[in-house]
Amino acid sequence: MKCARTPLVVTLLFVILALPCCNGGFDDCHNTIYFTNNSDKPIYAVSTLKKGFLNFDPTNEEYAADFKVRPGKTIKVKIGITLQCWEQTLEQTGGYLYIYVYDAEYLEDKKTDWLTARDNPKKEYVLNVKDLQRLEWKVAYP
C-alpha cells in the first residue's frame, strides 16, 4: 500500500513546489517599482491603484519616510499592501498604477490643507504594465 501512494505523494509535492515559480501565469514578475527624484527639490511621490484615492496625508510622520523623496534619491513605490507581483496586482485592480508628485515644501507648509492640495499635484503618472516594462520598472521625476 505504501508504494501505491508514493507516485501520488511525489506528484503533489512537485505541484506544491512548482506553484511559487508560476507567478500567477506571468513570465516575469516584478515586486518592486523604483521612483527617482531627478529634480533639485524634495517631493512627495504618493501612489495608489485607484485614480484619486489618497485617503491619508503623506506628510504625516507615519507615512513621510515612505513617500518623501529628496533630490537625487530613489524610493520603492508603495501602495499599502504587500505584493508578490506587480503584474498580477495591476491585472486584478483595473490595470493602472497612479503616482502623484507633490512639492514637499508646499505640503509641509502649516497653511496647506491636504484635502485641497491632494487634487493639485505637480505631476500625475498613469502607468500600466506595458508602460512599466518599457521604463524597466523605474519611474523618474521630472
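So which residues in the stretch 75-85 are under 18 Å from LYS122 (Cβ atoms) and without any contact (Cβ under 8 Å) to a residue 60 or more places away in the chain, if there are any at all?
Matches in the stretch 75-85: ILE75 only.
Please determine whether any residue of the stretch 58-77 is part of a loop (DSSP other than H, G, I, E, B), farther than 17 Å from LEU132 by Cα, at pLDDT 95 or above and of a type in the set (Val, Ile, Thr).
There is no residue in the stretch 58-77 that is part of a loop (DSSP other than H, G, I, E, B), farther than 17 Å from LEU132 by Cα, at pLDDT 95 or above and of a type in the set (Val, Ile, Thr).
Please state which one of LYS110, LYS123, LYS50 is among the charged types (D, E, K, R), farther than 16 Å from TYR34 by Cα, out of contact with any Leu (no Cβ under 9 Å at 6 or more places or on another chain) and surrounded by fewer than 11 Cβ atoms within 10 Å (Cβ to Cβ).
Exactly one residue qualifies, and that residue is LYS110.
Among the residues of the stretch 91-107, how many are surrounded by fewer than 19 Cβ atoms within 10 Å (Cβ to Cβ) and touching a strand residue (DSSP E or B) at 6+ places or on another chain (Cβ under 9 Å)?
The first filter runs over the stretch 91-107 and keeps only residues surrounded by fewer than 19 Cβ atoms within 10 Å (Cβ to Cβ), leaving 91-96, 103, 105-106.
Cutting the leftovers down to touching a strand residue (DSSP E or B) at 6+ places or on another chain (Cβ under 9 Å) gives us 96, 103.
Residues that pass the stated criteria total 2.
When the residues of the stretch 66-90 are narrowed to those that are under 18 Å from ASP103 (Cβ atoms) and not acidic (Asp, Glu), which ends up surrounded by the fewest Cβ atoms within 10 Å (Cβ to Cβ)? Lay out the reasoning, then the answer.
Keep residues of the stretch 66-90 that are under 18 Å from ASP103 (Cβ atoms), which gives 66-73, 75.
Subsequent filtering for residues that are not acidic (Asp, Glu) retains 67-73, 75.
Numbers: PHE67: 23, LYS68: 21, VAL69: 21, ARG70: 12, PRO71: 12, GLY72: 10, LYS73: 13, ILE75: 18.
If we take residues in the stretch 66-90 being under 18 Å from ASP103 (Cβ atoms) and not acidic (Asp, Glu), then GLY72 is surrounded by the fewest Cβ atoms within 10 Å (Cβ to Cβ).
Might you check whether a residue that is closer than 25 Å to ASP131 by Cβ, among the hydrophobic types (A, V, I, L, M, F, W, C), at pLDDT below 95 and in contact with a Phe, Trp or Tyr (Cβ under 9 Å, 6 or more places away or on another chain) occurs anywhere in the stretch 27-44?
Yes, the stretch 27-44 has at least one match.
Condition check: in contact with a Lys or Arg (Cβ under 8 Å, 6 or more places away or on another chain) and surrounded by fewer than 12 Cβ atoms within 10 Å (Cβ to Cβ). Does PRO42 satisfy that?
Numbers: in contact with a Lys or Arg (Cβ under 8 Å, 6 or more places away or on another chain): yes; surrounded by fewer than 12 Cβ atoms within 10 Å (Cβ to Cβ): no.
For PRO42, the condition - in contact with a Lys or Arg (Cβ under 8 Å, 6 or more places away or on another chain) and surrounded by fewer than 12 Cβ atoms within 10 Å (Cβ to Cβ) - is not met.
Return the residues of the stretch 86-142 that are among the acidic types (Asp, Glu), assigned to a loop (DSSP other than H, G, I, E, B) and in contact (Cβ under 8 Å) with a residue 40 or more places away in the chain; say none if nothing qualifies. Talk me through it step by step, then tell me what you get.
From the stretch 86-142, those among the acidic types (Asp, Glu) are 87, 91, 103, 105, 108-109, 113, 119, 124, 131, 136; that's our starting set.
Keeping just the survivors that are assigned to a loop (DSSP other than H, G, I, E, B) gives 109, 113, 119, 136.
Selection gives ASP119 alone.
The values are calculated or read from the model by the stated rules, or taken from the named source; none is laboratory data. Just so we're clear, the structure is a prediction, and the values are computed from it rather than from any experiment. FYI the Cβ positions are ideal-geometry reconstructions off the backbone, even for glycines, and counts take in every protein chain you see.
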